[in-house]
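Novice: The structure under discussion is supplied below as structure tokens; questions concerning it will follow.
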Amino acid sequence: MPIKMENNKPTFHYFLVAVTFDGIAHFISEITDKKPEDTLENFLDGSYLSDNLSDNKNMPTEPGIYKCIFRFHSYKVNIPADPDEWDYDFTIEKCENIHLSF
């Protein structure tokens with residue numbers, strides 16, 4: 001089932017995130033068994049975490065690969081001029097460094 005804005009209940013999503021040596025965090029991929037068109041990746045504005053998050057709390061900054069849990073919560077804005085307007089919060093709940101050895 002595709003992600004829809006018209007849902008008041010938060011949903012949780014797992015993503016792989018890479019942090020480069022200069023401290024920039026990027027989405028790699030959503031970890032899911034859903035079809036690509038049904039994932040949260042369709043809502044993302046590019047690969048930079050900082051461009052997509054509602055706040056930078058819990059964002060990893062040390063270089064590495066992370067498995068992160070994100071919270072997506074859409075809500076009706078309730079603006080009289082646009083009663084059908086929805087917005088969302090997209091936040092990191094938890095990130096765990098995946099220690100890779102070469």
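Novice: If you scan region 37-49, which residues turn out to be out of contact with any strand residue (DSSP E or B) (no Cβ under 7 Å at 6 or more places or on another chain) and either open to solvent by less than 80 Å² (accessible area, probe 1.4 Å) or farther than 19 Å from D87 by Cβ (or both)?
Specialist: Step one: list which residues in region 37-49 are out of contact with any strand residue (DSSP E or B) (no Cβ under 7 Å at 6 or more places or on another chain), which gives 37-38, 42-43, 45-46.
The answer is E37, D38, F43, G46.
Novice: For F12, all conditions in the list (1) surrounded by fewer than 15 Cβ atoms within 10 Å (Cβ to Cβ); (2) hydrophobic (A, V, I, L, M, F, W, C); (3) assigned to a loop (DSSP other than H, G, I, E, B) hold save one; what is the number of the exception?
Specialist: (3)
Novice: Determine whether D22 is free of Cβ contacts under 8 Å to residues at least 24 places away in the same chain and loosely packed, with under 12 Cβ neighbours inside 10 Å.
Specialist: Values: free of Cβ contacts under 8 Å to residues at least 24 places away in the same chain: yes; loosely packed, with under 12 Cβ neighbours inside 10 Å: yes.
So D22 fits the description; yes.
Novice: Any idea which residue in region 1-28 is modelled with the highest pLDDT, counting only those that are more than 10 Å from the chain's Cα centre (by Cα) and hydroxyl-bearing (S, T, Y)?
Specialist: Among those residues, the one meeting the criterion is T20.
Novice: Among the residues of region 54-66, is any acidic (D, E) and either free of Cβ contacts under 8 Å to residues at least 24 places away in the same chain or open to solvent by less than 90 Å² (accessible area, probe 1.4 Å) (or both)?
Specialist: Keep residues of region 54-66 that are acidic (D, E), which gives 55, 62.
If we keep only those that are either free of Cβ contacts under 8 Å to residues at least 24 places away in the same chain or open to solvent by less than 90 Å² (accessible area, probe 1.4 Å) (or both) too, we end up with 55.
Yes: region 54-66 contains one or more residues that are acidic (D, E) and either free of Cβ contacts under 8 Å to residues at least 24 places away in the same chain or open to solvent by less than 90 Å² (accessible area, probe 1.4 Å) (or both).
Novice: Pairs under 8 Å by beta carbon, first residue among the aliphatic types (A, V, I, L, M) in region 83-102, partner open to solvent by 100 Å² or more (accessible area, probe 1.4 Å), six or more apart or different chains?
Specialist: Close Cβ pairs satisfying both conditions: I92/K57.
The values are calculated or read from the model by the stated rules, or taken from the named source; none is laboratory data. The model shown is predicted, which means the values in this text are computed figures rather than measured ones. When we count neighbours, we look across all protein chains shown, and the Cβ atoms used for this are built from the backbone with ideal geometry, even at glycine. Remember, those area values only see protein heavy atoms, side chains included, never the ligands or the DNA or RNA. Shrake-Rupley method; radii C 1.70, N 1.55, O 1.52, S 1.80 Å.
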